[in-house]
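**Student:** Sending over a structure as C-alpha cells; questions will come in a sec.
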Amino acid sequence: MNYDYSNFYKGTSTINSYGNGAYEKDTLVKYEFKTTEEHGNKIMDKMSKEELMKAMKDIGSQYGDNVIVEFSGDGLAALAESIKEQSRKQAYEMTEEEKAVWEQKCAELDKHIVHMEDTRRLIIPNIQTNEKLYKSLENADENVVKASMNIIRNHLLPHNVEGMSEDERKEMIAFGLEESKYLAENYLDKEQGKEYLAAMETIAKYGMNGTVSPNGQVTYHIEKGPLVGAPDEYVHESDILKEKAPELYHQMKDLNTRIINGESGWGSRFIELQKQIRQVMNRESNTLESKTGKRLTNYEEAVARYKSWKETMEKTELPDVYQGVSYKDVRAFFASLKKQTGLSEAWVDNSANRFMAWIGM
C-alpha cells in the first residue's frame, strides 16, 4: 500500500543532463520532510528509519530513470545518523577488505548528500538584490554559484539556529561573509567580485534583522521592493489588492488568465476593474504620516513601508569579527578564521569541510 506524499512535494525542475542512454538524468524532483513549519510550529512527528525508507521507495517508484529524486528535511538527518551508527556497528564484524569496501560506499554516499545539498538555487525575495546577486555570478564556475547558495542557506539566512546564542548567530553571519570574500578573491574578477560582495552583504543585513523564536526557528522580513531600474515609489498593485481587496485581486487574476489564454471580449470588464483598482489604491489606509498626521492612501502606505524597511536595512551594521584574514588558499583561510572565532572548533571544522566540498575540493 502506497501512502499519499503529495504534501511533501516541493517542485520539479530541469537540470543539465548527464549520463548516457538509459542512465541519462535530466529532471530533479524535490520532497522535503520537516517536522515544523516556517514559524516553528510542529506539523508532524519525526519519521522512523523504516518509515522514511518506505517513503523514499514509494516516491522513487513513481518516476522514470531520467529523474533524480531529492529528499531533504530533518527526517533525512535521522536516516543519515542511522546509517552512520549501523556502519560503526558493522565495522567491528568486518575483515579489513570488507571495511575498505564499506568505507568507500560511505564516502560515495557522503558525496551524493553534498551534491543534493548543492542542487537548489535560491530566490532572494527582494527583486533588486536577487538580480544583483545572479548578475554578479554570470559566467562564474558552477561550484562558486553552489557555494554561494549554501553560504546564504547555512550562514546568512539559516532557518534553524537551535542551540546558538544571538551572538553566535551573528558571528556565523560574519563567518559566511568571510567565505564570500574568499570566493570573490579567488574566483571572480575585481568588478564582478565587488558587485558580488555588495549583494552578499545586503543579504547578510537581512539575516541580521531576522527574528528568532524560542525554539531556534528564524523568520526574515524581506520586502519584494521595486522592479530592477524602477524608483522606490514603484509598488506591486497585486500585493496591495491581495491585502486590501482580496475579492478584486482574484477577479483581476482570473481576467488576466483569460486574456493570456486568448479569450476575447473582455475589454470593457478590464477597464471596469482597473477603475476599481485605482479606487483601492487611492483609498485611505489606517496609517498616519508621521510629520503631518495625514492619513496615507493604500498606495502611499505601501511606498512608506518599503522606504522604512530599506532604511532599516541600509543602517544595519554588519558584525566586525575577523581581521587580517588570509585568502591565499583555503587551508590558510580557515586557519586564520579559527584563530579569531568564538564559534566551536567542531563547528568551524565541519563548515570548512562543507565549504571545500561546495567548491569541488
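**Student:** Keeping all protein chains in place, calculate the accessible area per residue for the range 218-347 (probe 1.4 angstrom), answer in Å².
**Tutor:** 65
**Student:** Would you mind telling me the share, in percent, of accessible area of the range 212-361 contributed by carbon and sulfur at probe 1.4 angstrom?
**Tutor:** Within the range 212-361, the accessible surface is 50 percent carbon and sulfur.
**Student:** Residue 287 accessible area, nearest 10 Å², 1.4 Å probe?
**Tutor:** Approximately 50 Å² for this residue.
**Student:** Looking at this model, which pairs from 34/328; 30/338; 190/315 are more than 31 angstrom apart at the alpha-carbon? Don't jump to the answer; show the numbers that get you there.
**Tutor:** Values: 34/328 39 Å; 30/338 35 Å; 190/315 26 Å.
Listed pairs above 31 Å: 34/328; 30/338.
**Student:** Same structure, new question: Residue by residue, what Karplus-based ³J(HN,Hα) values in Hz, rounded to whole numbers, does the range 197-205 have, using 6.51, -1.76 and 1.60 with θ = phi - 60° and x for Gly and Pro?
**Tutor:** Residue by residue, the range 197-205 yields 5, 4, 5, 5, 5, 5, 5, 4, 5 Hz.
**Student:** Next question. Among 128-141, 255-268, how do they line up from the highest to the lowest mean number of other beta-carbon atoms within 10 Å? Mind showing how you got there, number by number?
**Tutor:** Working: 128-141: 17.0, 255-268: 10.4.
The densest-packed peptide leads the list: 128-141, 255-268.
**Student:** Enumerate the amide H contacts of residue 160 below 5 Å, restricted to partners 5 or more residues apart or on another chain; note that Pro and chain-start residues carry no placed amide H.
**Tutor:** Answer set, sorted by chain and number: 218.
**Student:** Any of 54/242; 132/170; 170/291; 307/339 with alpha carbons more than 29 Å apart? Name them for me.
**Tutor:** Values: 54/242 40 Å; 132/170 23 Å; 170/291 35 Å; 307/339 40 Å.
With Cα atoms farther than 29 Å apart: 54/242; 170/291; 307/339.
**Student:** Check which residues have an amide H placed less than 5 Å from residue 36's amide H, if you skip close sequence neighbours.
**Tutor:** Long-range HN contacts for residue 36: 43.
The values are calculated or read from the model by the stated rules, or taken from the named source; none is laboratory data. The shown structure was predicted, so the numbers you read here are calculated from the model rather than taken from an experiment. Counting neighbours? That spans all protein chains shown, and the Cβs are built from the backbone with ideal geometry, glycine included. Remember, those area values only see protein heavy atoms, side chains included, never the ligands or the DNA or RNA. Shrake-Rupley method; radii C 1.70, N 1.55, O 1.52, S 1.80 Å.
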